[in-house]
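The values are calculated or read from the model by the stated rules, or taken from the named source; none is laboratory data. Please read all numbers here as calculations on a predicted model, not as lab measurements. Backbone-built Cβ (ideal geometry, glycine too); neighbour counts: all protein chains shown.
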Amino acid sequence: MDAIDSFYRATVADHLRKEFINGVGIAVVYCNYKEREIQTPSNLLSSIIRQFYDGISLSENVKSLHRKHIERKTRPTIAEISDLINTEMERFSKIFVIVDALDECSEEDQCRELFFKQLQALQPTAHLMITSRPEIDPTAEFMRLEIVANKADLDRYVDERISTSSRLNKLLLEAEDRRRLKNTVVDNADGMFLLAQIHMTTLATSTSKRELSQLMENLIKDLDSAYEKTLERIDSQTTRDKALAWRVLGWVSHALRPLSMRELQEALAAEQGAASIGEDELQDPNILASVCAGLIIL
């Protein structure tokens, strides 16, 4: 899922929290393929209930179920959590549930299917917004909106990346060469800014026209495979650059909302034990983006 798309989901959640202050249950679930072992249907549904009561006291029903399983040293079943959600939804004037990247939920043991069915069961009481790549159940009776990057925007992005890359500027002296690279990247990006960014970061490492042509011929259209190649490139860096990249990705992936560059810089500085954080303690944004090989967007 494109990082820009995830930013939109976070923006929707922030808007709802500002628009509805009292008496409304709002929950946001970010599915992550790296956390498939812990993102079970039970845990995801439990997270939804917990978020309904963010900032207010838990109901007696929630406390009772919690005490029951604490005493027995067990975990609630999907049926118990589902029944609890249906009961608790009656306590709120409106319910909003946002699920980001449902396709990253595990398919093992029908986890994704079970979670999706439970989400469908929340209707019509709850207002649902679910984002996914096309793997989501095509029979679902949801209004669909396809989110893809506009071709003109992708064209402008590639042009900008070429103009700011000293290597690409030297290798692409002819206008036809630039057009060919732009068309190749845009076609392979399949409407995803993140994939275009990964491709441009890869191409910008070229040291000759022959190498550039070879890289262009072997661009990957599948986002998962592109991720794998990018992570391999991150791990092949120097020890210090690799360590910095993983620290950056750790902060970005575990943040509850998209971070501003300043917030990321300050988090990295604080992590290093800086007593006070001034401009001298902040990492250069371009270096942070470079070591992450295109996985973060400035």
- Task: Could you list, in sequence order, all residues of segment 167-197 that are closer than 15 Å to Asp153 by Cα, in a helix (DSSP H, G or I) and of a type in the set (Asp, Glu)?
- Result: Asp187
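Check every one of the helices (runs of 4 or more DSSP H) wholly within segment 1-114 and list those with 1 or more residues that are outside the structural domain of Leu256 (by TED's automatic domain parsing) and among the acidic types (Asp, Glu). Break it down into steps so the answer makes sense when it comes.
On the way: elements: 3-19, 41-52, 60-72, 78-89.
So the answer is 3-19, 60-72, 78-89.
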- Restricting segment 90-107 to residues that are over 21 Å from the mean Cα position of the chain (by Cα) and not aliphatic (A, V, I, L, M), the one farthest from Ser47 (Cα to Cα) turns out to be Ser93
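Could you check segment 104-119 and list, in sequence order, the residues that are buried (at least 16 other Cβ atoms within 10 Å of the Cβ) and closer than 27 Å to His15 by Cα? Talk me through it step by step, then tell me what you get.
The initial filter retains those residues of segment 104-119 that are buried (at least 16 other Cβ atoms within 10 Å of the Cβ), namely 104-106, 111-112, 114-116, 118-119.
Those that are buried (at least 16 other Cβ atoms within 10 Å of the Cβ) and closer than 27 Å to His15 by Cα: Glu104, Cys105, Phe115, Phe116, Gln118, Leu119.
Among the residues of segment 157-182, which ones are closer than 30 Å to Ser132 by Cα and either at pLDDT below 90 or surrounded by 12 or more Cβ atoms within 10 Å (Cβ to Cβ) (or both)? Steps first, answer last, please.
First, the residues of segment 157-182 that are closer than 30 Å to Ser132 by Cα: 157-161, 181-182.
Those that are closer than 30 Å to Ser132 by Cα and either at pLDDT below 90 or surrounded by 12 or more Cβ atoms within 10 Å (Cβ to Cβ) (or both): Tyr157, Val158, Asp159, Arg161, Leu181, Lys182.
Here is a list: Phe52, Phe92. Which entry is among the aromatic types (Phe, Trp, Tyr), at pLDDT 90 or above, surrounded by 13 or more Cβ atoms within 10 Å (Cβ to Cβ) and within 29 Å of Gln110 (Cβ to Cβ)?
Details: Phe92 fails: within 29 Å of Gln110 (Cβ to Cβ).
Going through Phe52, Phe92 in turn, just one is among the aromatic types (Phe, Trp, Tyr), at pLDDT 90 or above, surrounded by 13 or more Cβ atoms within 10 Å (Cβ to Cβ) and within 29 Å of Gln110 (Cβ to Cβ): Phe52.
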- Task: For Ser276, state whether it is assigned to a loop (DSSP other than H, G, I, E, B) and either surrounded by 11 or more Cβ atoms within 10 Å (Cβ to Cβ) or on the phi > 0 side of the Ramachandran plot (or both).
- Result: no
- Residues in segment 154-170 that are under 10 Å from Leu203 (Cβ atoms) and under 24 Å from the mean Cα position of the chain (by Cα): how many? 2
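One line per residue, one yes/no per condition, for (1) assigned by TED's automatic domain parsing to the domain that holds Val158; (2) under 17 Å from Leu288 (Cβ atoms); (3) among the polar types (S, T, N, Q):
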{"site": "Lys209", "(1), (2), (3)": "yes, no, no"}
{"site": "Leu215", "(1), (2), (3)": "yes, no, no"}
{"site": "Asn218", "(1), (2), (3)": "yes, no, yes"}
{"site": "Ala243", "(1), (2), (3)": "no, yes, no"}
{"site": "Arg247", "(1), (2), (3)": "no, yes, no"}
- Item | Every pair of residues 6+ apart whose Cβ atoms lie under 8 Å, when the first sits in segment 108-123 and is within 13 Å of Ile85 (Cα to Cα) and in contact (Cβ under 8 Å) with a residue 24 or more places away in the chain while the second is in a helix (DSSP H, G or I) and of a type in the set (Gly, Ala, Ser) | Gln118/Ser82; Ala121/Ser82
- Scan segment 54-85 residue by residue and report those that are under 16 Å from Ala126 (Cα atoms) and without any contact (Cβ under 8 Å) to a residue 24 or more places away in the chain. Asp83
